[in-house]
Each structure stands twice: as structure tokens, then as C-alpha cells.
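Written below as C-alpha cells is the structure these notes are about.
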Amino acid sequence: MSPSASRIKSPQLLLAESGHDLEGHGLKRTMGLFQLVCFGVGAIVGTGIFVGLSDSVAEAGPAVVVSFVLAAITCIFTAFSFAELGGAIPVSGSSYSFAYASLGERAAFLVGWCLLLEYGVSVSAVAVGWSQYLNELLDSLTGWQLPDALSAGPGEGGVVNVPAVIVILLAATLLVRGVRESARATAAMAILKIGILVVFCAIGFSAFQAGHLSPFAEHGMGGITAGASVAFFSYIGFDAITTAGEEVKNPRRNIPIAILICIGLVTLLYCAVALSAIGALGADAVADRPAALSLVVDQVTGSSIGGGIIAFGAVVAIASVVLAVMYGQTRILMSMSRDGLVPRVFERVSPKSATPVANTWIVAAVFAVPAAFASLDVVVNLTTIGTLAVMAVVNLAVMVLRRRNPELPRSFRVPLFPLSPILGIGFCLYLIWGTGWTTWLQFAGFLVVGALVYAGYGRRHSRLVTAPGDDAAPVSPAG
């Protein structure tokens, strides 16, 4: 066994380290179950449904509802694994820490590297979607929009996407003020956007025509699979709940419950939105329309006022996703920094706000760049495949920990074990297949770069050492 593969950090050591950082300032447990559910909804519901629905419909047609269910099934199996691991190891590292406790340091670093796609790059994608709906809102209120040169990247006919950068900086400002303030803002925005999507469904179903659902699966199973791979982006973020492990009250109880509530609620909401949109106008009218929900409301009501309300809801919804996902990214980097795998600046917590201030501003600055200049399609595909790879690892981790640490207290246990995590891995690989070979090559290149970074920096700076004569018995170095 190679040295880095044998560097396995025990769950007990992870829990012991999570009580404080190396500067002596700890994170505060301020989030209850309701705030955690709102945080999860805040991280999930945003660009994927408000902007990405049209792309899923373009692939699957009316059968996009099946695509959403297929993506949800993938998430549900993995959500079971996240719920068990999040309750057993409630630390801020999420899937990175789960991999460290089960598969070793190299695998953990690559998981953390992939999480740069799920959390960091998705912030850029979400911010680009926010810019699109901001223009829709400005048009409905004033009849004026920001020029393309200032509201789109070069790949979409513009020069620099200024609104996308602004929303990232606003989220960073709120995050450095404190978790309590961020949680309150996220809860308010989550309630608002759920309410607006429910109103959208009511409007769409009022004009529902069954004929718009025929032919149902015009692109066959291939279209449904491709649609599911696109629709999966709409679910990204539920695992961010586990990144709050060190700031949640009673985490062993609240983390598993929050994950399962979020997946169930969001799946019902997405299927209802897709059915009402297609039933009202037909799949062809919805496909490839970035602001499709506003279009549906405008057409059904014969007024731009309703579309303006939807656009306002999208602006709020997508801003809350930026906030929640940036939070998750900073906590992942904090955990990796504690282990020495990334520079120490990412672990420093402000004694005043109890937040990683420098970490937050670095994340905002780095991911504002692709938000300003990249197109939405490029970042969505990479985000999707990176997230699916991480979820496959989490399903594997739950099986390894059941065998290696059977005594570990578990407030939730995966049902139908080991069938459930095996199916979770299978569905993840199936959706990865649907992303296409171009995305596979991009992701393979990304992993190679990650392996080189680990070999050149992470492995040499790791703070984990193994006891002499016992590769599997990690101890934390003093100081």
C-alpha cells in the first residue's frame, strides 16, 4: 500500500479536530433544523430550475419529468449515504472528510479537488444565471436591460459579466458578517422562492393542455438520460448541508433529517414546475429559453407583470444559491487547510465574526473570474460530472466505514444496505455516461492536474503522520 493511500484519518480524530481550528477560534453552533432545511433548499433551488429547465426540456421533451425523477433517484440513494455519514461524522469537511476517514489522503484530496467544481465552479455558473434573470427583471420593470457587453461573457456575445461578479461579492460580504446573519437571509430567501414557484405552478396548470405532453418521449431513452444528466445540476447543493456540521445544533439528529426533507421537497417542486410549464405552452416553446418560467407566465396571463414577479423570484433564488454554495466551498477549504493539504490562510477564523474571512474573500475573487468571462454551458457540464464523481465516492465511503468502523455511533443508517449505496454508485456512473465524451476528457484533465497538485504540495505539507509499524493508525502531529 502506498504511503498516501494508507494515510487514513479516523472518525474519532476528525471529530476531535473539529472542535477548534489551529488559531484557537472555533465555529459556533447556531443553526437549528428549520434553518438547516432552508439552507439546503437555498443551496439547491436556483439556476438549475429557473434557467436550466429549458436545457433539460430540449434534451428530453415532455419526458423531462422522468429525467427529473431519474436524477432524484440518483440523489436519494446518495442522500442516504450522506445522511449516515453526516450524522456519524458531523464535521465541516463533508465528502472530503468522509473520504479521508475511509479511502485515505490521496482520495480525499481528489474529492476536495472535485468539490472545487461542485461548489466553486458552480458559484460561477449560478452567478451567470443570476445575471440573465436580472436583465429579465430590469426589462419587466423599466423596459431597459444592461447591454450585452456588460452582462455576458465573450462566449455569449459580451465582454464581461458585471452582475455575476457583483452577486458573488455581495454573498461574500454577507458570509463574513457571520453564520447567524447568513442563515437568516438564506431562510427568508428560501421561503420566498418556494412561494413563487408554487404560484408559477398554479398559473401554469390553469392553462394546462394534455396534448402538449404528446409525443411524450420523442427522443427516446437516450434523450431522457441526457436530460437527467442536465437536470442533475438542479439538485446540486443538498450535500452542502453536511458542510455545516460544526455549526449545527444537535448535528447527529438534524443533518440526516434535513437532507431527506430537502430531497423530497425539491423533487416534488421540480416535477410540478416542469409539468406545468410544458402543459401550458408545450415542450418546443420552453426548450432553449433561458428565462422560460417568465415566458410561460407572460404567455398565460397576457401580461409582463407576472413574468416580472417570476424574474424577481429567480433573482432572489439564485442569489441564495450563491450564498449557500460559497459557504460550502469555504468550509471544505477550511478542512483541507487544517490537514495541511492547502495553505493555512484558508483555516484562519476571525475571533470577531467566527467566520473564515480571508478564505471567503479568496474564494469570491477566484470564482468571480469564470463568472465574468465563461459561458453557462461550459461550467454546468464540468460541475455536473465533478459532483457525480464525488457522490460515487461517498457511496463507496459508507460501505468502507461500515466495515472498518462498525462501532461508530450512527444516528441514521442507510436502508437496504449494501444495495442502496451500490445502486447510488451505479446511477452516478450512468449519469456520468450521459454527459458525453467531451466532458469526460475535460474532467480527466482536471483530475490529472489535481493529482499533480497533491504530489507537489499536499502530500509534502500534510499534517497527518502514521504511527511507526501501523499504517492505519493515524496520529495528529503536535502543534
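Quick one: would you say L110 is surrounded by fewer than 24 Cβ atoms within 10 Å (Cβ to Cβ), in contact (Cβ under 8 Å) with a residue 24 or more places away in the chain and more than 19 Å from S229 (Cα to Cα)?
yes
Would you say V273 is within 22 Å of the chain's Cα centre (by Cα), in a helix (DSSP H, G or I) and either crowded, with 21+ Cβ neighbours inside 10 Å or on the phi > 0 side of the Ramachandran plot (or both)?
When the stated conditions are applied, V273 passes them.
Return yes when A240 is small (G, A, S) and in a helix (DSSP H, G or I) and no when it is not.
yes
Mind listing whichever residues of region 135-174 are in a helix (DSSP H, G or I), within 21 Å of V121 (Cβ to Cβ) and more than 25 Å from the chain's Cα centre (by Cα)?
P154
Exactly one of (1) touching a residue at least 24 places away in the same chain (Cβ under 8 Å); (2) over 20 Å from P256 (Cα atoms); (3) among the hydrophobic types (A, V, I, L, M, F, W, C) is unmet by A397. Its number?
Going through (1) touching a residue at least 24 places away in the same chain (Cβ under 8 Å); (2) over 20 Å from P256 (Cα atoms); (3) among the hydrophobic types (A, V, I, L, M, F, W, C) one by one, A397 breaks only (2).
Hey, could you check region 276-314 for residues that are of a type in the set (D, E) and part of a helix (DSSP H, G or I) and say which is nearest to A164 (Cα to Cα)?
Per the stated criteria, the residue is D298.
Yes/no matrix, rows are residues, columns are (1) hydroxyl-bearing (S, T, Y); (2) modelled with pLDDT under 80; (3) over 24 Å from A88 (Cα atoms):
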{"residue": "S2", "(1), (2), (3)": "yes, yes, yes"}
{"residue": "G26", "(1), (2), (3)": "no, yes, no"}
{"residue": "C38", "(1), (2), (3)": "no, no, no"}
{"residue": "G48", "(1), (2), (3)": "no, yes, yes"}
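Can you tell me which residue is modelled with the highest pLDDT among those in region 56-78 that are of a type in the set (S, T, Y) and within 21 Å of D288 (Cα to Cα)?
Of everything passing the filter in region 56-78, S67 is modelled with the highest pLDDT.
Within the set of pairs 6+ apart or on separate chains, which have a first residue in region 204-226 that is within 15 Å of A58 (Cα to Cα), a second that is in a loop (DSSP other than H, G, I, E, B), and C-beta atoms under 6 Å apart?
H212/G282; T225/G434; A226/G434
Answer yes or no as to whether S420 is at pLDDT below 85, farther than 22 Å from F109 by Cα and either crowded, with 16+ Cβ neighbours inside 10 Å or out of contact with any Lys or Arg (no Cβ under 6 Å at 6 or more places or on another chain) (or both).
Judged against the criteria, S420 is not a match.
Just checking, does region 124-141 include any residue being touching a residue at least 60 places away in the same chain (Cβ under 8 Å), crowded, with 19+ Cβ neighbours inside 10 Å and among the acidic types (D, E)?
Looking through region 124-141, at least one residue is touching a residue at least 60 places away in the same chain (Cβ under 8 Å), crowded, with 19+ Cβ neighbours inside 10 Å and among the acidic types (D, E).
Within region 36-44, is even one residue over 20 Å from G279 (Cα atoms), in a helix (DSSP H, G or I) and in contact with a Gly (Cβ under 7 Å, 6 or more places away or on another chain)?
yes
The values are calculated or read from the model by the stated rules, or taken from the named source; none is laboratory data. Only a predicted model underlies this, so the values are computations on that prediction, with no experimental measurement involved. All Cβ positions, even for glycine, are placed from backbone atoms using ideal geometry, and neighbour counts span all protein chains on display.
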